[in-house]
Amino acid sequence: MKNFGIFASVLLLLACNKPESNPGSSYNRGPMLENMGHNVIIPSYTFALEEIQSLVDAIEDFNATPNTTELVAVKNKFFAAYHALQLITPYEFGPAENVALRGNSNTYPTDTLKIENAIASGQWNLDQLTFSDAKGLPAIDYLIFHTDADSVISDFSADPNRKQFLKECAEEVMNKISEVHTQWLATGGNYIDHFVNQKGTDVGSGTGMLVNALNQHFERFLRDGKIGIPVGIRSLGIAIPENCEAYYSEISLDLALENLEAIRRMYIGKKWDGTDGEGLDDHLIAIGAQDVDTQIREQLKVAEQALSGLQSPLSDYIISNQSQVEAAYAELQKLIVLFKVDMPSRLGVLITYQDNDGD
């Protein structure tokens with residue numbers, strides 16, 4: 001009987017994850033994919049590339065003349081670049097997946113001991129897997145915010161290795177984003193044509209990639225990475241505030257809100273100019289799943305309100321108001337069933353990535 005129960009549970013799980021057969025087969029997904037590719041994804045990469053290039057330029061000026069004015073400029077450009085990164089990280093498929101953009105640019109918490117040892121020895125290679133947690137924007141966050149401004153300026157003034165490490169961290173992120181941007185737009189074999197032309201809902205289709213990328217990013221990197229892990233959801237209620245994104249610059253909450261807005265834009269197909277374009281919401285409505293669209297829209301608002309009700313720095317607020325942060329996490333959690341079960345089931349999309357935390 002025990003084996004039968006396990007078998008039945010497996011069958012139930014498979015049934016829950018199996019998409020409905022050919023829902024909305026007559027729906028033309030072409031306009032949705034055109035809008036998402038040309039008006040949402042590519043402009044987001046263009047903007048992010050411009051912002052990270054500005055950060056690279058500011059770091060070059062600071063390294064040449066370490067002083068208060070140049071450090072303030074670096075910090076401001078850092079804020080802008082980190083915000084811009086939130087707009088592109090949900091699109092981890094195709095070119096972005098090929099270069100592991102998210103992992104190479106935003107793995108946190110950053111290993112500060114590894115960073116300091118590398119600088120002290122003058123030995124590092126950011127291409128090596130061992131440096132995945134000691135580079136990117138989290139490493140820059142540490143280097144320019146971990147102590148007072150005068151000490152940062154003094155440290156950089158006295159150490160060319162520190163300047164070089166900072167420079168390489170920013171340049172690598174810029175180069176990764178540039179590579180992805182180029183592949184989307186490349187003349188003769190660009191990714192946008194491939195994305196738009198895959199009009200089905202199967203694995204590898206434009207819609208399939210969008211739905212899977214949205215789910216994976218929301219579940220692992222927004223819900224868990226930005227909120228759940230720091231507040232202790234994955235550590236038996238023991239908070240780990242130092243695991244917050246942008247821990248040293250204390251903009252964790254702002255980035256979480258920006259990323260949630262990026263997920264909303266991804267879902268509704270909001271164009272770069274702010275107007276409403278065709279998105280996954282329109283797909284649901286067109287096939288008679290208005291109820292799912294309404295629930296997703298409403299829960300996105302509730303989740304945004306819950307996050308907005310928290311206070312910065314999030315790392316401190318987790319300690320003083322852990323239950324409220326947990327409540328915000330719970331509102332994000334409510335989107336999982338809508339995004340991961342209801343939406344793909346109605347669209348006929350199979351969720352292909354694996355998650356081992358039991359949701």
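Taken together, the values in this text are just the output of simple stated rules run on the coordinates, not laboratory data. Model, not experiment: these values are computed from the prediction. As a convention, Cβ positions derive from the backbone with ideal geometry for all residues, glycine included, and neighbour counts pool all protein chains shown.
For region 34-84, the dipole from Cβ point charges (+1 on Lys and Arg, -1 on Asp and Glu) about the Cα centre works out to 160 debye, to the nearest 20.
Treating only the Cβ atoms of Lys and Arg (+1) and Asp and Glu (-1) as charged, compute the dipole magnitude of region 263-330 about its Cα centre; round to the nearest 20 debye. Provide the component values of the computation, followed by the final result.
Working: 6 positive and 11 negative charges, 31 e Å.
Rounded to the nearest 20 debye, it is 140 debye.
In terms of packing, defined here as the mean over residues of other Cβ atoms within 10 angstrom, the peptides 309-322, 85-98 line up highest first as 85-98, 309-322.
Considering only 275, 30, 46, the residue lying farthest towards the positive end of the dipole of the chain is 30, judged by Cα position with unit charges set on Cβ. When only the Cβ of Lys, Arg, Asp and Glu is charged (+1, +1, -1, -1), the dipole of the chain relative to its Cα centre reaches about 960 debye. Phi angles of region 121-134 translate, via the Karplus equation with coefficients 6.51, -1.76, 1.60 and θ = phi - 60°, into HN-Hα couplings of 8, x, 10, 6, 8, 5, 7, 6, 4, 5, 9, 4, 9, 9 Hz per residue; Gly and Pro are given as x. Name the residue from 307, 289, 129 whose Cα lies farthest towards the positive end of the charge dipole of the chain, charges +1 on Cβ of Lys and Arg and -1 on Cβ of Asp and Glu. Most positive-ward Cα: 289. Amide H contacts under 5 Å for residue 270: 277, restricted to partners 5 or more places along the chain or on a different chain, H placed in the peptide plane at 1.01 Å from N.
Structure remark: mean-square fluctuation, Gaussian network model of the chain, C-alpha springs under 10 Å; the largest value among 136, 274, 225 belongs to 274. Between (i) 68, 44, 39; (ii) 81, 57, 52; (iii) 65, 53, 38, which entry matches Cα extents along the principal axes in Å as derived from the coordinates of this structure? From the options (i) 68, 44, 39; (ii) 81, 57, 52; (iii) 65, 53, 38, the structure gives (iii).
Would you list, by chain and number, the lysines whose Cα falls below 30 Å from the Cα of residue 199, excluding same-chain residues fewer than 8 positions away? Qualifying lysines at Cα under 30 Å: 18, 176, 270, 271, 301, 334, 340.
Ignoring lysines fewer than eight residues from residue 77 along the same chain, the ones with Cα atoms less than 16 angstrom from its Cα are 167.
So what is the calculated 222 nm ellipticity per residue for the chain, using -39500 (n - 2.57) for each DSSP H run with n of 4 or more, over all residues, to the nearest 500 deg cm²/dmol?
Numbers: 18 runs with 220 residues, N = 359.
That comes out to -19000 deg cm²/dmol.
The mean sequence separation of alpha-carbon pairs under 8 Å and at least six residues apart, normalised by the residue count of the chain, gives a relative contact order of 25 percent.
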